[in-house]
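Below is one structure; the comments refer to it alone.
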Amino acid sequence: GQQLNQSPQSMFIQEGEDVSMNCTSSSIFNTWLWYKQDPGEGPVLLIALYKAGELTSNGRLTAQFGITRKDSFLNISASIPSDVGIYFCAGRRGGADGLTFGKGTHLIIQP
Amino acid sequence: GAVVSQHPSWVICKSGTSVKIECRSLDFQATTMFWYRQFPKQSLMLMATSNEGSKATYEQGVEKDKFLINHASLTLSTLTVTSAHPEDSSFYICSATSGTRSDTQYFGPGTRLTVL
């Protein structure tokens, strides 16, 4: 099945630094979502984007839905230890469709 | 609200046996449930979409006779891995959407299947 191109694959940063990751697709999605997954658990929704060009924040997280509808980015400001985990982008074409996920970005924070 | 549970959380079985995994929406009626598979250190891949009372729609490359999906009620969907083999060992995750919020998928905690 299709996967979205997500980068970087992993990030090693210092606590307090800002983080940026992005996803691109060769086809259009009408909804972009960002999830965080901890080991052995299901993904947890961080931010949902429903409109091209939309910029949405959730605390220290900010995400944008690209105007071409083929990309999205997620920024995390002032990272803290509990931000450690794997972040996935996901796209959805229609409201009743399943999600197409990116390959994930593994965030590691050094104290 | 919007809690999805899975049972069991992990299961170990012998090759050739069948395993059933349950996905339940605890506080809402799930008109649609989705099943995903995640191999170690990889992403989630959609296996099938299940609507209550109708046959599941499988993604390309997913064998419908091997992965039997039943969505008999608005709160329960089951995935049965038939004649399991070691290559079926994976993390199986379901998600559910409600009729009133069909744009949001709520994920279960996943089931770790290990086939010996």
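The values are calculated or read from the model by the stated rules, or taken from the named source; none is laboratory data. Please read all numbers here as calculations on a predicted model, not as lab measurements. Note: ideal-geometry Cβ built from the backbone for every residue, glycine included; neighbour counts use all protein chains shown. All accessible areas refer to the heavy atoms of the entire protein, side chains included, with ligands and DNA or RNA removed. Shrake-Rupley method; radii C 1.70, N 1.55, O 1.52, S 1.80 Å.
Is one or more of the residues making up segment A:4-16 closer than 17 Å to residue A:98 by Cα and in a strand (DSSP E or B)? Spell out the reasoning first.
Of all residues in segment A:4-16, those closer than 17 Å to residue A:98 by Cα come to A:4.
Then keep just the ones that are in a strand (DSSP E or B); that gives A:4.
Among the residues of segment A:4-16, at least one is closer than 17 Å to residue A:98 by Cα and in a strand (DSSP E or B), which makes the answer yes.
Taking (1) at the interface with chain A (Cβ under 9 Å from one of its Cβ atoms); (2) touching a strand residue (DSSP E or B) at 6+ places or on another chain (Cβ under 9 Å) in turn, residue B:60 satisfies each apart from (2).
Which one of these is free of Cβ contacts under 8 Å to residues at least 24 places away in the same chain, surrounded by 14 or more Cβ atoms within 10 Å (Cβ to Cβ) and not small (Gly, Ala, Ser): B:33, B:45? Break it down stepwise before answering.
On the way: B:33 fails: free of Cβ contacts under 8 Å to residues at least 24 places away in the same chain.
Only one candidate passes the filter, namely B:45.
Restricting attention to segment A:4-30, the residues that are within 14 Å of the chain's Cα centre (by Cα) and surrounded by fewer than 19 Cβ atoms within 10 Å (Cβ to Cβ) total 8.
Could you tell me which residue of segment A:86-98 is modelled with the lowest pLDDT, considering only residues that are closer than 20 Å to residue B:30 by Cβ and either away from chain B (no Cβ under 14 Å) or buried (at least 24 other Cβ atoms within 10 Å of the Cβ) (or both)? Filtering segment A:86-98 for residues that are closer than 20 Å to residue B:30 by Cβ and either away from chain B (no Cβ under 14 Å) or buried (at least 24 other Cβ atoms within 10 Å of the Cβ) (or both), the one modelled with the lowest pLDDT comes out as A:98.
Quick check: anything in segment B:91-98 without any contact (Cβ under 8 Å) to a residue 60 or more places away in the chain, within 11 Å of chain A (Cβ to nearest Cβ) and either within 14 Å of residue B:36 (Cβ to Cβ) or open to solvent by less than 10 Å² (accessible area, probe 1.4 Å) (or both)? Talk me through it step by step, then tell me what you get.
Kept after step one, since they are without any contact (Cβ under 8 Å) to a residue 60 or more places away in the chain, are these residues of segment B:91-98: B:91.
With the extra rule that they be within 11 Å of chain A (Cβ to nearest Cβ), the set shrinks to B:91.
Retained after the next criterion (residues that are either within 14 Å of residue B:36 (Cβ to Cβ) or open to solvent by less than 10 Å² (accessible area, probe 1.4 Å) (or both)): B:91.
Yes, some residue in segment B:91-98 is without any contact (Cβ under 8 Å) to a residue 60 or more places away in the chain, within 11 Å of chain A (Cβ to nearest Cβ) and either within 14 Å of residue B:36 (Cβ to Cβ) or open to solvent by less than 10 Å² (accessible area, probe 1.4 Å) (or both).
Of the candidates B:21, B:12, the single residue that is surrounded by fewer than 13 Cβ atoms within 10 Å (Cβ to Cβ), modelled with pLDDT of 95 or more and either more than 18 Å from residue A:92 (Cβ to Cβ) or more than 8 Å from every other protein chain (Cβ to nearest Cβ) (or both) is B:12.
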